[in-house]
Every structure is written in C-alpha cells, then in structure tokens.
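*Asks:* Here it is, the structure, as structure tokens.
The values are calculated or read from the model by the stated rules, or taken from the named source; none is laboratory data. Only a predicted model underlies this, so the values are computations on that prediction, with no experimental measurement involved. With ideal geometry, Cβ positions are generated from the backbone for all residues, glycine too; neighbour counts draw on all protein chains shown.
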Amino acid sequence: MKILTVVGARPQFIKAAAVSNVIRKHHKEILVHTGQHYDENMSKIFFEELNIPKPDYNLGVGSGRHGRQTGTMLIKLEEIYEVEKPDFVLVYGDTNSTLAGALCASKLLIPVAHVEAGLRSFNMEMPEEQNRVLTDHISNLLFVPTESAEKNLKEEGIKKGVYNVGDVMFDAILNFKKLAESKNEIMEKLSIKGKEYILTTIHRAENTNHIDRLKNIVNALNKCGKTIVLPLHPRTKKYMMDYGLEFNENIKVIEPVGYLEMINLEMNSQKIVTDSGGVQKEAFFMKKPCITMREETEWVETVENGWNKIVGTDTEKILDGILNFTPLSKQKNIFGDGNASGKILKVLDM
Ligand code: UD1
Ligand code: UDP
C-alpha cells in the first residue's frame, strides 16, 4: 500500500518519528512537509535527532494568515496527490497542515487516516478546534488516543472507522527516553540541577495574541520567585517584542530546543507550566505536576486523574498553581500501552 503522510509543525514531526518508523517496515510511505514550521530548531533538528526520513516533498509554505497558509498548502498538495495517487493520506493532530492534508485528499476521494482524532476543547474560537472537527468529519479512519476522544466522536455521530489505539506520543517517549537521558548537556549548559526549576512553554494563539493574557502570564512567571526554564516559541518571542513585555532574571529564556533536550528538561524539572497540548501529556508521562494556562483542555483525563490543573490566564491563579499544586492521586493508565503505532499499522493492514 502507498501511504502519503502530511506533516508541517513541530509536534507532528515527533508523532511521525514514532509512526513512520513502523509503517515503513510494511508499506511505501511518501512524506510531505508543508513547511509550516521552517526554522532549524522548529523543523530540521527533529528530522536529524529522531532519524525521520527526509521528506519526499517540502512545500515551503511558511508563515502567514490562516487562509493563505492553508490555501497554499491545498494548491500544492493537490498536484502531489495527483502524481503520487496514494491509497491513504495520513495526518496528525490539529494544525493547518492537518486540515489541508485531509481536505485535499477528501476532495480527490482519497481515504484519510487521522491520528489523534476526537480531541475537543469545545472552544470553536481556537483554530485547532476548527481543524480537528473538520478533519474528523472527512476522515475514514480515526485513531483516537483516549476514551473521552472516542466518546466525543460518538456524540458527533462518528462511529465508523474509530479505533482507540492509545497515544502515539507515548510511543515516542518510550522510543527516545534512553537516548534523551544520555544527552543531558543542556542541564550543564544552563547551569541548573535537577528539581531546581520549573519548565515552561507558551505558544497558544489565544494567549500570545491577546496582550492582557500574555501580560498576566509574564507577570505570574516574573513574580513567582522560582527559577524557570523557558524555551521560547518564535510566535511568543514576536508578540513579547510587539507588546514591549520583558521577563525577569529568574527566567532562563532559551531558543526552542530539540525533542531530546526537551525530554531531558521535562524529566529533571520540578513542575511544568504550559499551554501546549503535547507538553501536558509529557508531564503526565514523566509524573510531573502540570499547570495549564488555558481555560480548558482536550486532555481531560490528566485533570480528572489529579495531575493537571487548569488555571487559565489570571496572574493570581497561575501563581497559586505554581506555588501550591500537588497531585493527589496515583496515576491511572490513560494513554494506552505505548504501542499505538503498531495498532495503527494493524488497522491499515485490514
Ligand atoms: C502551530 C499550530 C498549533 C500547534 C503549534 C505547534 C495551527 C493553526 N497552529 O501554531 O496548533 O500547537 O503549531 O508548535 O496550525 N514562526 C517562526 N518560525 C517557524 C515557525 C513559526 O518564526 O519555524 C513564527 C512566525 O512568526 C509565525 C508564528 O511563529 O507567524 C506562528 O506560526 P504558525 O505555524 O502559524 O503557528 P504556531 O503558533 O506555530
Ligand atoms: N518541544 C520541543 N522543543 C521545545 C518545545 C516543545 O521539542 O522547545 C516538543 C514537546 O516536547 C512536545 C511537542 O514539542 O513533544 C509539543 O509541541 P508544541 O507545544 O509546539 O505544540 P502542541 O503540542 O501544543 O500542538
């Protein structure tokens, strides 16, 4: 079978590193990089570190407004699909690259497989929620990572082609944790020791694109009196400059890091404070308390299980989370057995 995979943003490279590896042992895979992320430390580093095959095509779409970015992807993907004639198009998650990959296939009547289907924040103002809902409704195979994702699809009337395989990011952690442990130069480089710092990421558009929310977050981090390591997403860096916001000296702001360094930083941290989807899950995998600076989460099981606290973007609530949140319960198995990729392959082979 010929499977055409579309990736474009950082978390998709990590997911593909787990899944492509398995698929390629049995099928021909054509890998398309839309170019949504393009800085070396947002793209190339992942392909090199995680041994992801070089993309067969790079569309070089780059940054831009949603319509232009998604539309350019559609135009370029259509030409490739028509030449390659894949049996399946595989997409991950909820970015503009996900929607473009799925929509273009659907129009050409090529079956779509969606990995990380069924996630919902129930906030349609998020571009990610729009991308997820639309992609799910045009997918033929829907690989859900959690029980709540399966339930969400059922409630929208999607019952056919749904498979709960667990989370491919759990596969990725299991695959790369050892390698990451052996590459701990980042700790020395930053002159930090384990458990001495809080790891933070901020990039969600609903936080960066509103000066009040970003200001509240920066104030909380500046005031918390803790050492914070913050690999800064280029979107956030840009808005910090536009708004004239600055971090205090307790915050070690660094460039985005590769996945192996990121796992290292997560493993050695005391707590994790984030608005990222993937990092919330990784906090759970690493048994680190997670404070989520959003109004809701798609990863509801991590909250129900007591390991993730949703604090929104109110300065005092973020501070309270940073200073006082302690997980109460033992962890339940939420994300499967770490063989989501193998299960996806089995379904594709059916
Ligand atoms: C995108 C996804 C988001 C995902 C995130 C992962 C959409 C709508 N959003 O958000 O769901 O969580 O990726 O990180 O698809 N930029 C650079 N260099 C790069 C990439 C981006 O400087 O290599 C800057 C540009 O100023 C760009 C901005 O970051 O305009 C935002 O990039 P974009 O890909 O549009 O959205 P993300 O915030 O990265
Ligand atoms: N990540 C990384 N380097 C960084 C920040 C994040 O490798 O500097 C990894 C992180 O470990 C996780 C993924 O990127 O695997 C999450 O991506 P991101 O937060 O950009 O997007 P989201 O998951 O919110 O869509």
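*Asks:* Going residue by residue through segment 173-185, is there one that turns out to be surrounded by 15 or more Cβ atoms within 10 Å (Cβ to Cβ), within 12 Å of ligand 1 (Cβ to nearest atom) and closer than 30 Å to G336 by Cβ?
*Replies:* no
*Asks:* Would you kindly identify the helices (runs of 4 or more DSSP H) lying entirely within segment 91-185 that contain at least 1 residues that are among the hydrophobic types (A, V, I, L, M, F, W, C) and modelled with pLDDT under 95?
*Replies:* Details: elements: 96-107, 127-137, 147-155, 168-181.
Qualifying helices (runs of 4 or more DSSP H): 168-181.
*Asks:* Among the residues of segment 270-295 satisfying the criterion of being among the acidic types (D, E) and within 15 Å of ligand 1 (Cβ to nearest atom), which is farthest from L230 (Cα to Cα)? Working first, answer last.
*Replies:* Within segment 270-295, the subset among the acidic types (D, E) is 275, 282, 295.
Narrowing further to those that are within 15 Å of ligand 1 (Cβ to nearest atom): 275, 282.
Details: D275: 12, E282: 16 Å.
Ranking the qualifying residues of segment 270-295, first place goes to E282.
*Asks:* Let me ask something else. Any idea which of H33, H27, H37 is within 13 Å of ligand 1 (Cβ to nearest atom) and either more than 18 Å from H233 (Cβ to Cβ) or loosely packed, with under 14 Cβ neighbours inside 10 Å (or both)? Steps first, please.
*Replies:* Working: H27 fails: within 13 Å of ligand 1 (Cβ to nearest atom); H37 fails: either more than 18 Å from H233 (Cβ to Cβ) or loosely packed, with under 14 Cβ neighbours inside 10 Å (or both).
Exactly one residue qualifies, and that residue is H33.
*Asks:* If you go through segment 278-329 one residue at a time, how many are closer than 24 Å to M169 by Cβ and of a type in the set (S, T, Y)?
*Replies:* Matching residues across segment 278-329 total 4.
*Asks:* What number of residues in segment 230-244 are hydrophobic (A, V, I, L, M, F, W, C), assigned to a helix (DSSP H, G or I) and either surrounded by 15 or more Cβ atoms within 10 Å (Cβ to Cβ) or touching a Ser or Thr at 6+ places or on another chain (Cβ under 8 Å) (or both)? I'd like the intermediate steps shown before the answer.
*Replies:* Step one: filter segment 230-244 for residues hydrophobic (A, V, I, L, M, F, W, C), giving 230, 232, 240-241.
Imposing the further condition that a residue be assigned to a helix (DSSP H, G or I) reduces the set to 240-241.
Okay, now just the ones that are also either surrounded by 15 or more Cβ atoms within 10 Å (Cβ to Cβ) or touching a Ser or Thr at 6+ places or on another chain (Cβ under 8 Å) (or both), so 240.
Adding up the residues that qualify gives 1.
*Asks:* Out of all the residues in segment 291-309, which are surrounded by 24 or more Cβ atoms within 10 Å (Cβ to Cβ) and within 19 Å of L214 (Cα to Cα)?
*Replies:* Within segment 291-309, I291, T292, M293 qualify.
*Asks:* Separate question: Give me the residue from segment 227-259 that is more than 25 Å from the chain's Cα centre (by Cα), free of Cβ contacts under 8 Å to residues at least 12 places away in the same chain and over 24 Å from G194 (Cβ atoms) and, out of that set, nearest to ligand 2 (Cβ to nearest atom).
*Replies:* Among those that are more than 25 Å from the chain's Cα centre (by Cα), free of Cβ contacts under 8 Å to residues at least 12 places away in the same chain and over 24 Å from G194 (Cβ atoms), it is D242.
*Asks:* Here is a further query. Name the residue, out of T227, T201, T146, T208, that is surrounded by fewer than 17 Cβ atoms within 10 Å (Cβ to Cβ) and either within 16 Å of ligand 1 (Cβ to nearest atom) or among the polar types (S, T, N, Q) (or both).
*Replies:* Of the residues listed, the single one that is surrounded by fewer than 17 Cβ atoms within 10 Å (Cβ to Cβ) and either within 16 Å of ligand 1 (Cβ to nearest atom) or among the polar types (S, T, N, Q) (or both) is T227.
*Asks:* So, in segment 260-282, exactly how many residues are more than 10 Å from ligand 2 (Cβ to nearest atom), in contact with a Phe, Trp or Tyr (Cβ under 7 Å, 6 or more places away or on another chain) and within 25 Å of S43 (Cα to Cα)?
*Replies:* So the count comes out to 1.
*Asks:* Residues in segment 76-90: is at least one farther than 26 Å from M350 by Cα, within 14 Å of ligand 2 (Cβ to nearest atom) and part of a helix (DSSP H, G or I)?
*Replies:* Among the residues of segment 76-90, not one is farther than 26 Å from M350 by Cα, within 14 Å of ligand 2 (Cβ to nearest atom) and part of a helix (DSSP H, G or I), which makes the answer no.
*Asks:* How about segment 302-328: which of its residues are within 16 Å of ligand 2 (Cβ to nearest atom) and out of contact with any strand residue (DSSP E or B) (no Cβ under 8 Å at 6 or more places or on another chain)?
*Replies:* Matches in segment 302-328: T313 only.
*Asks:* Does any residue in segment 333-350 that is in contact (Cβ under 8 Å) with a residue 40 or more places away in the chain and over 29 Å from A283 (Cα atoms) come within less than 9 Å, Cβ to Cβ, of a residue that is assigned to a helix (DSSP H, G or I) and of a type outside the set (S, T, N, Q) six or more places away or on a different chain, and which pairs are these?
*Replies:* The qualifying pairs are L348/I23.
*Asks:* So I272 fits all but one of (1) crowded, with 22+ Cβ neighbours inside 10 Å; (2) in a helix (DSSP H, G or I); what number is the exception?
*Replies:* It fails just one condition, (2).
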